[in-house]
Amino acid sequence: MSTFTSSLAAPQAGRPGVALVSISRLQSLCETVAPRYAERARFFSVREGYGAAVTALQAYVDAGAVDVVLAAGSNGAYLRDNLNVPVVMVKVNGFDVLSAITRATTTWPGAQIGLVLHETISHELADLSAWLKVGLKQRAYQSIDEVRLAVANLAAEGCSVIIGPGMACDVAQQVGLASVFLYSLGAVEEAFERSVELARVSRQKEAKRERLNTIVGHLRDGVAAFDEAGQLEAVNPAMLDLLGFDAPKDMLLAGRERDVAAQVSQAVGPLLREMLEQGQPIEERVEQIGGRALIVNCVPVVEQGVRSGSVVTLQDALVAQRIDRSLRTSQRPRHQVARHYLGDLVGDSAALERVRRLARAGAAHDATVLLTGESGTGKELVAQGIHNASRRRGNPFVAFNCAALPEGLIESELFGHEEGAFTGARRGGKPGLFEIAHTGTMFLDEIGEMPAALQSRLLRVLQEREVMKLGAGRATPVDVRVIAATHRDLHALVEQGVFRADLYFRLNLLQIALPPLRARRGDIAQLARHLLSRSALQYGLSDAALDRVLAFLAPLFDGYAWPGNVRELENLLVRAAIYLGDAAMAATVASQGGEDWQAVFPEFGRMKRESAADLVQHDPQPTADKARATPTREDVMRALDESGGNRAAASRALGIGRTTLWRLMKG
């Protein structure tokens, strides 16, 4: 395990280090070549092999002085298996072998030659020996003992000259045979070039790793990295502090890294196993670990499409809460994301299917859409669905309620202002919501409540696609799709002179009328189940409790007027979930009678008092179709009589303009 704060010495700055390992004649060639690379690397000579070489090299490696080891033959193979740094092998090529054979046949003509190679013999060379007119026998070795055996066998078969590595040459001389050293100066030079370049790259990677470790070591979030087998590879001090370990830094300095690894693995091991079993990352989950509430993230590390490990991060939940409070106080939240889709409209009625069909048609174009319908019918949900079904999805969705602010603030919010445009203007100015919604959708709710003075400015935005900030000298182009919504009859408002006719016709390009809940009673049960299921976890509702609540409210689905539409339905479901979610409480409510029961669910009492005719007569929010019904001449004359001949009062009573009143009187 490595740590972001380690007691080990850091790699020395400057040139990378290369260890030259040889126990035979290769050493002299290395010492000949090394001075040529003195400016590019530092070299350390190790005149030992196998286990002794590993022991001698480990101190260099631990201190960061050696980045690469250069060796040859079986000695190099052994070091490669027992060291955690790269080992570059001096490779023998065909030209080296032919050159050695040439030297042997020239020096000892007619002699039987034995060739000793590491790991495998050359079948191609065996085929060429007859053509070269050379008596050549080959043996392969993998250890120093096999070198001695190979030389002995070749001597027994009549070979008087041995070609091979330094160890083979030394053994041949010991038994009275001639020898030719196999490795050439060119092979050593090539190995040096590869070693120095690899050492340089390794040193650069190590420097980057140390830099990254330093950065991560100063993070307040805890970070721990694991390999594919779940073994801890790295951990920063913040992780140890968040897990509540006692004096973790002292443990590292004391060399107790295994104890740290065991404790970290024990603390976060269940998270790793859960992620692997479910095949999904764990993101922003609050867990109680070590007596503290921590925000946990556990994600896989994927390299070239293959999982190579995992990373666990921890964050103190109290710190996150403080940051959240700071953001809430310093920034006003803006709803710039559309969370709903047209598929979120629950119901199979023909009226709702018509809404879906018109909404999909409107989403395919950038034309302005006007959503009409009573309060609580889901106009903003449909607006978000149109946005998400359009080509503007992924871009801002900005919602604004035209009845929520005074006239002066509405203008600043929608169109923005320059610095110093008015007393109290924000320093540096502020962009308006239309600019914020650029490339996206602007949803204007309660458009019928927009002050008359601002209607002309909105009309200019729709016509020219540009906004003029308060105090600005020139307009700013914007690419915004506008969706407006209202529960009022804009046509009647136009006739009354309180809403601009040109703005109305600009808004009323694509109109979608949302039906009230009582007009699609067949959807209420399905919608109620959907809304209640969405809140089941919050209120601890079991499946049985959910069915109990729906069964209790079933009479209202068919007999209640639902003046508040879906919003009222949702509020009633929440109330029923609270009182009826628990079986004992449900029994108490069911056993109550009279005023106690009516106090909890007064809707049942209102349902009994209202007949179908009463529902139409006392409808608190008439639909747009009913509001637009043109009065007859008899209605006009009756209203004039009731108002004492005051035409203005009669017009207001009938909800029509004076022009319409005059026309009906003459008709």
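We did not get these values from a lab; they are worked out from the coordinates using the rules stated. Keep in mind the model is a prediction, meaning the values are calculated, not measured. Using ideal geometry, Cβ is built from the backbone for each residue, glycine included, and neighbour counts are taken over all protein chains shown.
One table, with the values for the structure above:
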item	result
Theoretical FRET efficiency, 1/(1+(r/R0)^6), r = Cβ-Cβ of residue 200 and residue 460, R0 51 Å, to 0.05	0.20
Packing-based ranking, highest mean first, of 638-646, 358-366, 515-523 given that Cβ atoms within 10 Å are counted	515-523, 358-366, 638-646
Footprinting exposure proxy for 481, 529 (fewest neighbouring C-beta atoms within 10 Å first)	529, 481
Order of 113, 23 under a 10 Å beta carbon neighbour criterion, fewest first	23, 113
Cα-based reach from residue 379 at 12 Å (exclusive), listing aspartates and glutamates while leaving out same-chain residues under 8 positions away	445, 446
Nonlocal amide H pairs with residue 162, under 5 Å, H built at 1.01 Å	114, 178, 179, 180
Net lengthening on full extension, residue 63/residue 233 (0.36 nm per residue, minus Cα-Cα)	59.3 nm
Ranking of 468, 637, 167 by count of other Cβ atoms within 10 Å, fewest first	637, 468, 167
Zone residues, the range 478-509, relative to residue 647, backbone N less than 14 Å from point 7 Å out along Cα-to-Cβ	none
Residues whose placed amide H lies under 5 Å from that of residue 499, excluding near-sequence neighbours	494
Cleavage-rule hits (trypsin sites (Lys or Arg not before Pro)) in the range 19-65: DSSP loop, at most 14 neighbouring Cβ within 10 angstrom	47
Rough spin-label spacing in nm, given labels placed 7 Å along Cα→Cβ, for residue 575 and residue 293	3.1
Per-residue ³J(HN,Hα) for the range 32-39, Karplus 6.51 cos²θ - 1.76 cosθ + 1.60, θ = phi - 60°, Hz, x for Gly and Pro	6, 7, 3, x, 5, 10, 4, 7
Charge dipole of the range 219-325 about the Cα centre (unit charges at C-beta), most positive-ward option of 313, 229, 291	291
Reachable aspartates and glutamates from residue 137, criterion Cα separation under 18 angstrom, eight or more residues apart if same chain	96, 119, 124, 127, 146, 157
For residue 480, residues with placed amide H under 5 Å, excluding near neighbours	439
In sequence order, calculated HN-Hα J values of the range 525-539 (Karplus, 6.51, -1.76, 1.60; Hz; x Gly/Pro)	4, 5, 5, 4, 4, 5, 5, 6, 5, 5, 9, 4, 5, 5, 9
Vicinal HN-Hα couplings computed from phi for the range 136-145 (Karplus, 6.51 cos²θ - 1.76 cosθ + 1.60; Hz; Gly/Pro x)	10, 10, 10, 9, 10, 9, 10, 9, 5, 5
